[in-house]
Every structure is written in structure tokens, then in C-alpha cells.
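Encoded as C-alpha cells, the structure appears first; notes follow it.
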Amino acid sequence: MNYSTNAIKSFEKLYYAKDTKNPDIFLEDKPEQVFHRVAKFISDGVKDEKEWYERFYGMMNDGYFRPNTP
């Protein structure tokens, strides 16, 4: 999926994992990496973990669901 410059800036500010010792260093540089991390966290420990991981990742990658902050 292609993202606008503003969308990428939002991902950088809100979602990309950052180094704990230096928050100016991003550990992720693509939205898909965020989707993988979030899908893994959500599906961790549930029955049929791989199936749910793939479902959550697919929903985020297809634009049906986006991780959000309160």
C-alpha cells in the first residue's frame, strides 16, 4: 500500500517503535513493520495464534483496521 508523506510522518510520530536509549532512532521504518508487531502482540497466546496473527495483519495491511492511541 502506498502512503502519503503525511501518513508516514504520523506513523513516525505515533507508531514506529523507537530505541529506548535514544528515542530519535526508529527501530521500524515501514508501516508494514508496525502491522507485524501489533498483530503479533494482539494474537500472542490465543488459540490458533498464527491464524489470528494473519487475520489482524491482513486487516491492518488492507486498511480495515489501524492501531490507535488513546
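The values are calculated or read from the model by the stated rules, or taken from the named source; none is laboratory data. Quick caveat: nothing in here was measured; it's all calculated off a predicted structure. Reconstructed Cβ throughout: ideal geometry from the backbone, glycine too, with neighbour counts over all protein chains shown. The area values use the complete protein model at the heavy-atom level, side chains included, leaving out ligands, DNA and RNA. Shrake-Rupley method; radii C 1.70, N 1.55, O 1.52, S 1.80 Å.
The residues packed around residue 25, meaning those with a beta-carbon under 10 Å from its beta-carbon, carry a net charge of 0 if Lys and Arg are +1 and Asp and Glu are -1. On a per residue basis, the chain carries 77 Å² of accessible surface, using protein heavy atoms and a 1.4 Å probe. Summarised in one figure, the compactness ratio Rg/Rh of the chain, Cα atoms and Kirkwood Rh, is 1.00. As I understand it, the value is the acute angle between the Cα axis of helix 5-14 and the longest principal axis of the Cα atoms of the chain; what does it come to in degrees, rounded to 10? Value to nearest ten degrees: 80.
Label-point separation (nm) for residue 9 and residue 24, each offset 7 Å from Cα along Cα-to-Cβ? The two pseudo-label positions are separated by 1.9 nm. Starting from the Cα gyration tensor of segment 4-43, take the square roots of the eigenvalues, sort them a ≥ b ≥ c, and report rounded, prolate or oblate (rounded when a/c is under 1.5, otherwise prolate if a/b is larger than b/c, else oblate). The shape class here is oblate.
Under 12 Å from the Cβ of residue 46, count the other residues' Cβ atoms, weight Lys and Arg +1, Asp and Glu -1, and hand me the total. With Lys, Arg at +1 and Asp, Glu at -1, the net is 0.
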